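The values are calculated or read from the model by the stated rules, or taken from the named source; none is laboratory data. Keep in mind that this is a model prediction, so the values were computed, not measured. Methodologically, a virtual Cβ is constructed for each residue, glycine included, from the backbone with ideal geometry; neighbour enumeration extends over all protein chains shown.
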Amino acid sequence: MNNTLKLSKYNTPPAILTAVAQFSIGFVTIAFVGHLGEVELAAVSVVQNVLEGFVFGIMLGMGSALETLCGQAVGAGQYEMLGLYLQRSFIITTVTAFLLLLLYIFTSPILNLLRQDKEISELAGKYSLWVIPQLFAYALNFPVQKFLLAQSRIWVMTTIAIVVLGFHALLNRIVVIKLDKVDCRFSSACLCGLRLLSRIMDWTFIVGV
C-alpha cells in the first residue's frame, strides 16, 4: 500500500503537467487565431473542438490497451515484451489513422452537409488538411506515452512537453504579431502557418521522447 502511494505521488504531478502542456498547445493556437478574425477563429474552433476532439478520443482509446499490456509485462519481469507490444500498438494506431484520414480530407463537404456557414466550412476544410500530420502524430504519441508510463518514466515526457509548449507560444507570437506588421494578418498563409507550427510541435514532442 505504501509503495503504491509513493508511486502515485511520484507519477501523478508529471502526468498532470504533461497533459496540461499538451492541451495548452491547442489553446495557444486558438488564442492567437483570435487575432486573425472571427471567421478564422470559428473555422479553427470547429476543426479543433469537433474534428480533432473526435479523432483524439478514438486514437487515445486505440493506444490505451498498451498501458495494460506493458504494465503486466513490467510486473512479470518480461521486459523483452515491451518493445514487441509497442511495435504492435504502432501498427494498430497507424491503420486507425489511415481510416480516419477521410474525415480530414472531406471536412468541408461534411460541414456543408451539416449546414455550417459556407465560408467557415471552406476555410475549415483548407485548415483541416494542415492538421493531417497531427493524426499520424497521435498514432505514435499515444503508444509512446503508455510505454513510458508503464515504466514510470514520466518526467521525460513532462520536460519535453513544457519545452515544446514554450517554443510553440513563441513561434505563434512571431507568426501572428510580426506578420501582422506586413499586412499578413488575414491571410490564409498565416493561418496555415499556425497550424504547421502546431504539427511541428507535436512531432518535436514525439522525436524528443
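Picking from Leu36, Leu17, Leu99, which residue would you name as being of a type in the set (A, V, I, L, M), outside any helix (DSSP H, G or I) and either more than 14 Å from the chain's Cα centre (by Cα) or within 20 Å of Ser152 (Cα to Cα) (or both)?
Numbers: Leu17 fails: outside any helix (DSSP H, G or I); Leu99 fails: outside any helix (DSSP H, G or I).
Exactly one of Leu36, Leu17, Leu99 is of a type in the set (A, V, I, L, M), outside any helix (DSSP H, G or I) and either more than 14 Å from the chain's Cα centre (by Cα) or within 20 Å of Ser152 (Cα to Cα) (or both), namely Leu36.
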Residue count, region 86-105 (criterion: touching a residue at least 12 places away in the same chain (Cβ under 8 Å) and closer than 20 Å to Ser128 by Cβ) | 9
Which condition does Leu196 not pass, out of (1) buried (at least 18 other Cβ atoms within 10 Å of the Cβ); (2) at pLDDT below 90, if it passes all the others?
-> (1)
Within region 164-180, can one find any residue that is more than 30 Å from Leu103 (Cβ to Cβ), touching a residue at least 12 places away in the same chain (Cβ under 8 Å), β-branched (Val, Ile, Thr) and surrounded by fewer than 22 Cβ atoms within 10 Å (Cβ to Cβ)?
-> yes
Flagged in region 113-128 as closer than 18 Å to Phe54 by Cβ and surrounded by 15 or more Cβ atoms within 10 Å (Cβ to Cβ), in numbering order, are Gln116, Ile120, Ser121, Ala124, Gly125, Tyr127, Ser128
Within region 45-65, restricting to residues that are hydrophobic (A, V, I, L, M, F, W, C) and crowded, with 20+ Cβ neighbours inside 10 Å, the one that is modelled with the lowest pLDDT is Met62
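Residue under question is Gly83, and the condition is that it be over 30 Å from Leu170 (Cβ atoms), of a type outside the set (A, V, I, L, M, F, W, C) and either free of Cβ contacts under 8 Å to residues at least 12 places away in the same chain or out of contact with any helix residue (DSSP H, G or I) (no Cβ under 8 Å at 6 or more places or on another chain) (or both); does it hold? Before you say what the answer is, go through the steps one by one.
Working: over 30 Å from Leu170 (Cβ atoms): yes; of a type outside the set (A, V, I, L, M, F, W, C): yes; either free of Cβ contacts under 8 Å to residues at least 12 places away in the same chain or out of contact with any helix residue (DSSP H, G or I) (no Cβ under 8 Å at 6 or more places or on another chain) (or both): yes.
Judged against the criteria, Gly83 is a match.
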If you go through Ile132, Ile160, Ile177, the only one that is at pLDDT below 85 and out of contact with any Ser or Thr (no Cβ under 9 Å at 6 or more places or on another chain) is Ile177
Checking Arg153 against (1) of a type outside the set (Gly, Ala, Ser); (2) at pLDDT below 80; (3) within 25 Å of Ala42 (Cβ to Cβ), which single condition isn't satisfied?
-> (3)
Could you give me the residue pairs with C-beta distances under 8 Å whose first residue belongs to region 58-77 and is among the acidic types (Asp, Glu), whose second residue is surrounded by 15 or more Cβ atoms within 10 Å (Cβ to Cβ) wherever it lies, and which are 6+ apart or on separate chains?
-> Glu67/Lys146; Glu67/Leu149; Glu67/Ala150
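How many residues does region 29-39 hold that are closer than 16 Å to Trp130 by Cβ and either free of Cβ contacts under 8 Å to residues at least 12 places away in the same chain or buried (at least 16 other Cβ atoms within 10 Å of the Cβ) (or both)?
Our first condition is that a residue be closer than 16 Å to Trp130 by Cβ; within region 29-39, this holds for 29-30, 32-33, 36.
So of that shortlist, the ones also either free of Cβ contacts under 8 Å to residues at least 12 places away in the same chain or buried (at least 16 other Cβ atoms within 10 Å of the Cβ) (or both) come out as 29, 32-33, 36.
Residues meeting the conditions: 4.
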Of the conditions (1) touching a Cys at 6+ places or on another chain (Cβ under 8 Å); (2) outside any helix (DSSP H, G or I), Tyr127 clears all except one; give me its number.
-> (2)
